[in-house]
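Colleague: Pasting a structure below so you can have a look.
The values are calculated or read from the model by the stated rules, or taken from the named source; none is laboratory data. On a predicted model such as this, the values are computed, not experimentally measured, just so you know. Quick reminder, even Gly has a Cβ in these numbers, built from the backbone with ideal geometry, and neighbours come from all protein chains shown. Keep in mind that these areas ignore ligands, DNA and RNA; they rest on the heavy atoms of the full protein, side chains included. Shrake-Rupley method; radii C 1.70, N 1.55, O 1.52, S 1.80 Å.
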Amino acid sequence: MGLREVKKQRTRCEIADTAMRLFASRGFDHVTVAEVADAAGVSEKTVYNYFPTKEDLFYDEVPAREEALRQAIRGRLPGESILTSLRRLQGGECPRMCSPGFAVFARIIEDSPALQVKELEVMARFSLALAETIQQELGVDERDARIAAGLLVSVHRQLFRAARKQALAGKQGPAAVRRLRADLDRAYQLLEHGLGGLGQSAPVLGKVHLP
(Lines give C-alpha, C1' and ligand atoms only; values in the text may rest on other atoms or scores of the structure.)
Protein backbone atom coordinates (compact mmCIF):
# COMPACT_ATOMS: atom_id res chain seq x y z
CA MET A 1 0.00 0.00 0.00
CA GLY A 2 1.42 3.38 -1.07
CA LEU A 3 1.78 6.43 1.16
CA ARG A 4 -1.29 8.07 -0.39
CA GLU A 5 -3.46 5.04 0.35
CA VAL A 6 -2.10 4.80 3.91
CA LYS A 7 -3.02 8.45 4.49
CA LYS A 8 -6.51 7.93 3.07
CA GLN A 9 -7.04 4.88 5.25
CA ARG A 10 -5.88 6.79 8.33
CA THR A 11 -8.26 9.65 7.57
CA ARG A 12 -11.13 7.22 7.09
CA CYS A 13 -10.42 5.55 10.43
CA GLU A 14 -10.13 8.88 12.25
CA ILE A 15 -13.49 10.05 10.87
CA ALA A 16 -15.19 6.77 11.78
CA ASP A 17 -13.69 6.74 15.29
CA THR A 18 -14.79 10.33 15.87
CA ALA A 19 -18.30 9.52 14.67
CA MET A 20 -18.53 6.50 16.96
CA ARG A 21 -17.54 8.55 19.99
CA LEU A 22 -20.30 11.05 19.22
CA PHE A 23 -22.86 8.31 18.54
CA ALA A 24 -21.96 6.59 21.81
CA SER A 25 -22.33 9.76 23.86
CA ARG A 26 -25.43 11.26 22.22
CA GLY A 27 -27.10 8.54 20.17
CA PHE A 28 -26.95 8.03 16.41
CA ASP A 29 -30.11 9.96 15.59
CA HIS A 30 -28.95 13.05 17.52
CA VAL A 31 -25.64 13.54 15.71
CA THR A 32 -25.31 15.20 12.30
CA VAL A 33 -22.68 14.59 9.65
CA ALA A 34 -21.68 18.25 9.96
CA GLU A 35 -20.95 17.72 13.66
CA VAL A 36 -18.85 14.64 12.86
CA ALA A 37 -16.88 16.62 10.28
CA ASP A 38 -16.28 19.47 12.71
CA ALA A 39 -15.11 17.13 15.48
CA ALA A 40 -12.82 15.26 13.07
CA GLY A 41 -11.35 18.49 11.68
CA VAL A 42 -12.42 17.83 8.09
CA SER A 43 -15.04 19.23 5.75
CA GLU A 44 -18.50 17.69 5.45
CA LYS A 45 -17.66 16.93 1.81
CA THR A 46 -14.63 14.93 2.94
CA VAL A 47 -16.82 12.82 5.23
CA TYR A 48 -19.16 12.04 2.33
CA ASN A 49 -16.19 11.17 0.12
CA TYR A 50 -15.42 8.33 2.49
CA PHE A 51 -18.93 7.50 3.70
CA PRO A 52 -21.89 7.98 1.30
CA THR A 53 -24.43 8.04 4.16
CA LYS A 54 -24.45 8.71 7.89
CA GLU A 55 -25.31 5.06 8.47
CA ASP A 56 -22.13 4.06 6.63
CA LEU A 57 -20.19 6.02 9.25
CA PHE A 58 -21.55 3.69 11.89
CA TYR A 59 -21.15 0.50 9.88
CA ASP A 60 -17.67 1.49 8.75
CA GLU A 61 -16.30 -2.05 9.04
CA VAL A 62 -18.75 -3.53 6.52
CA PRO A 63 -16.31 -3.54 3.56
CA ALA A 64 -13.74 -5.40 5.65
CA ARG A 65 -16.36 -7.86 6.94
CA GLU A 66 -17.54 -8.50 3.39
CA GLU A 67 -14.01 -9.17 2.21
CA ALA A 68 -13.45 -11.54 5.14
CA LEU A 69 -16.51 -13.55 4.09
CA ARG A 70 -15.24 -13.75 0.51
CA GLN A 71 -11.76 -14.71 1.64
CA ALA A 72 -13.08 -17.43 3.96
CA ILE A 73 -14.42 -19.18 0.87
CA ARG A 74 -11.53 -18.41 -1.46
CA GLY A 75 -8.85 -19.27 1.08
CA ARG A 76 -10.36 -22.39 2.62
CA LEU A 77 -8.08 -25.37 3.15
CA PRO A 78 -7.88 -28.15 0.54
CA GLY A 79 -10.92 -30.38 0.90
CA GLU A 80 -12.56 -28.03 3.40
CA SER A 81 -16.23 -27.18 2.98
CA ILE A 82 -17.43 -23.59 2.91
CA LEU A 83 -19.51 -24.37 6.00
CA THR A 84 -16.41 -25.30 7.97
CA SER A 85 -14.50 -22.26 6.76
CA LEU A 86 -17.28 -19.76 7.52
CA ARG A 87 -18.01 -21.40 10.85
CA ARG A 88 -14.37 -20.92 11.84
CA LEU A 89 -14.45 -17.27 10.74
CA GLN A 90 -17.61 -16.49 12.69
CA GLY A 91 -16.50 -18.46 15.73
CA GLY A 92 -13.39 -16.30 15.83
CA GLU A 93 -15.54 -13.17 15.99
CA CYS A 94 -17.45 -14.29 19.10
CA PRO A 95 -15.03 -12.80 21.68
CA ARG A 96 -15.27 -9.38 20.01
CA MET A 97 -19.07 -9.59 20.16
CA CYS A 98 -18.97 -10.33 23.89
CA SER A 99 -16.87 -7.28 24.79
CA PRO A 100 -17.81 -3.99 26.50
CA GLY A 101 -17.20 -2.16 23.22
CA PHE A 102 -19.74 -4.30 21.41
CA ALA A 103 -22.28 -3.58 24.17
CA VAL A 104 -22.02 0.12 23.31
CA PHE A 105 -22.40 -0.74 19.62
CA ALA A 106 -25.49 -2.85 20.38
CA ARG A 107 -27.13 -0.10 22.42
CA ILE A 108 -26.70 2.46 19.64
CA ILE A 109 -28.40 0.11 17.15
CA GLU A 110 -31.20 -0.67 19.60
CA ASP A 111 -32.00 3.03 19.96
CA SER A 112 -31.96 3.82 16.22
CA PRO A 113 -34.61 2.61 13.73
CA ALA A 114 -32.43 3.99 10.92
CA LEU A 115 -29.56 1.70 11.87
CA GLN A 116 -31.89 -1.29 12.12
CA VAL A 117 -33.05 -0.64 8.55
CA LYS A 118 -29.43 -0.26 7.44
CA GLU A 119 -28.64 -3.61 9.03
CA LEU A 120 -31.02 -5.27 6.56
CA GLU A 121 -29.18 -3.58 3.69
CA VAL A 122 -25.86 -4.80 5.06
CA MET A 123 -27.09 -8.39 5.25
CA ALA A 124 -28.39 -8.16 1.68
CA ARG A 125 -24.95 -6.93 0.62
CA PHE A 126 -23.30 -9.87 2.40
CA SER A 127 -25.73 -12.27 0.71
CA LEU A 128 -24.86 -10.92 -2.72
CA ALA A 129 -21.13 -11.12 -1.99
CA LEU A 130 -21.42 -14.72 -0.80
CA ALA A 131 -23.54 -15.75 -3.78
CA GLU A 132 -21.02 -14.27 -6.21
CA THR A 133 -18.07 -15.90 -4.46
CA ILE A 134 -19.75 -19.30 -4.10
CA GLN A 135 -20.61 -19.34 -7.80
CA GLN A 136 -17.10 -18.29 -8.79
CA GLU A 137 -15.26 -20.67 -6.48
CA LEU A 138 -17.49 -23.73 -6.64
CA GLY A 139 -18.86 -23.37 -10.15
CA VAL A 140 -22.43 -24.06 -9.05
CA ASP A 141 -25.64 -22.83 -10.65
CA GLU A 142 -26.44 -19.18 -9.90
CA ARG A 143 -29.75 -20.15 -8.27
CA ASP A 144 -28.05 -22.64 -5.97
CA ALA A 145 -25.43 -20.05 -5.06
CA ARG A 146 -28.13 -17.52 -4.13
CA ILE A 147 -30.02 -20.05 -2.00
CA ALA A 148 -26.85 -21.15 -0.21
CA ALA A 149 -25.83 -17.53 0.38
CA GLY A 150 -29.25 -16.69 1.81
CA LEU A 151 -29.01 -19.55 4.29
CA LEU A 152 -25.48 -18.65 5.30
CA VAL A 153 -26.35 -14.99 5.83
CA SER A 154 -29.33 -16.01 7.94
CA VAL A 155 -26.86 -17.68 10.31
CA HIS A 156 -24.66 -14.59 10.24
CA ARG A 157 -27.59 -12.33 11.07
CA GLN A 158 -28.85 -14.63 13.83
CA LEU A 159 -25.37 -14.64 15.39
CA PHE A 160 -25.28 -10.84 15.27
CA ARG A 161 -28.76 -10.56 16.82
CA ALA A 162 -27.95 -13.11 19.55
CA ALA A 163 -24.77 -11.21 20.38
CA ARG A 164 -26.68 -7.95 20.63
CA LYS A 165 -29.31 -9.54 22.87
CA GLN A 166 -26.59 -10.82 25.21
CA ALA A 167 -24.80 -7.49 25.21
CA LEU A 168 -27.96 -5.55 26.02
CA ALA A 169 -28.60 -7.96 28.90
CA GLY A 170 -25.15 -7.17 30.30
CA LYS A 171 -23.69 -10.60 29.51
CA GLN A 172 -20.03 -10.39 28.56
CA GLY A 173 -16.81 -12.34 28.91
CA PRO A 174 -15.95 -16.05 28.52
CA ALA A 175 -19.38 -17.40 29.52
CA ALA A 176 -21.07 -15.20 26.93
CA VAL A 177 -18.56 -16.34 24.30
CA ARG A 178 -19.36 -19.98 25.06
CA ARG A 179 -23.10 -19.37 24.75
CA LEU A 180 -22.66 -17.55 21.46
CA ARG A 181 -20.45 -20.27 20.03
CA ALA A 182 -22.97 -22.90 21.14
CA ASP A 183 -25.68 -21.03 19.21
CA LEU A 184 -23.38 -20.84 16.19
CA ASP A 185 -22.61 -24.57 16.35
CA ARG A 186 -26.32 -25.34 16.54
CA ALA A 187 -27.05 -23.21 13.48
CA TYR A 188 -24.31 -24.81 11.40
CA GLN A 189 -25.41 -28.29 12.44
CA LEU A 190 -28.86 -27.48 11.06
CA LEU A 191 -27.30 -26.32 7.80
CA GLU A 192 -25.02 -29.33 7.54
CA HIS A 193 -27.65 -31.97 8.29
CA GLY A 194 -30.58 -30.24 6.59
CA LEU A 195 -33.96 -29.14 7.92
CA GLY A 196 -35.95 -32.21 6.89
CA GLY A 197 -35.70 -33.78 10.33
CA LEU A 198 -36.30 -30.59 12.30
CA GLY A 199 -38.51 -31.34 15.30
CA GLN A 200 -38.17 -35.11 14.94
CA SER A 201 -36.75 -37.21 17.74
CA ALA A 202 -34.83 -39.51 15.43
CA PRO A 203 -31.48 -38.34 14.11
CA VAL A 204 -31.46 -36.80 10.68
CA LEU A 205 -30.08 -39.14 8.03
CA GLY A 206 -28.22 -38.17 4.93
CA LYS A 207 -25.97 -35.17 5.29
CA VAL A 208 -25.90 -32.55 2.57
CA HIS A 209 -22.46 -31.02 2.15
CA LEU A 210 -21.59 -27.88 0.27
CA PRO A 211 -18.18 -28.30 -1.37
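Colleague: Does region 111-133 hold any residues that are of a type in the set (S, T, N, Q) and either out of contact with any Gly (no Cβ under 8 Å at 6 or more places or on another chain) or within 15 Å of GLN158 (Cα to Cα) (or both), and which are they?
Modeller: Across region 111-133, the qualifying residues are GLN116, SER127, THR133.
Colleague: Looking at VAL6, VAL36 in this structure, which one is in a helix (DSSP H, G or I), crowded, with 18+ Cβ neighbours inside 10 Å and either touching a Leu at 6+ places or on another chain (Cβ under 8 Å) or free of Cβ contacts under 8 Å to residues at least 60 places away in the same chain (or both)?
Modeller: VAL36
Colleague: Among the residues of region 111-132, are any over 18 Å from the mean Cα position of the chain (by Cα), open to solvent by less than 20 Å² (accessible area, probe 1.4 Å) and more than 18 Å from ARG21 (Cβ to Cβ)?
Modeller: Scanning region 111-132, I find no residue that is over 18 Å from the mean Cα position of the chain (by Cα), open to solvent by less than 20 Å² (accessible area, probe 1.4 Å) and more than 18 Å from ARG21 (Cβ to Cβ), so the answer is no.
Colleague: Among (1) in contact with a helix residue (DSSP H, G or I) (Cβ under 8 Å, 6 or more places away or on another chain); (2) open to solvent by less than 30 Å² (accessible area, probe 1.4 Å); (3) of a type in the set (Ser, Thr, Tyr), there is one condition TYR48 misses while meeting the rest; what is its number?
Modeller: (2)
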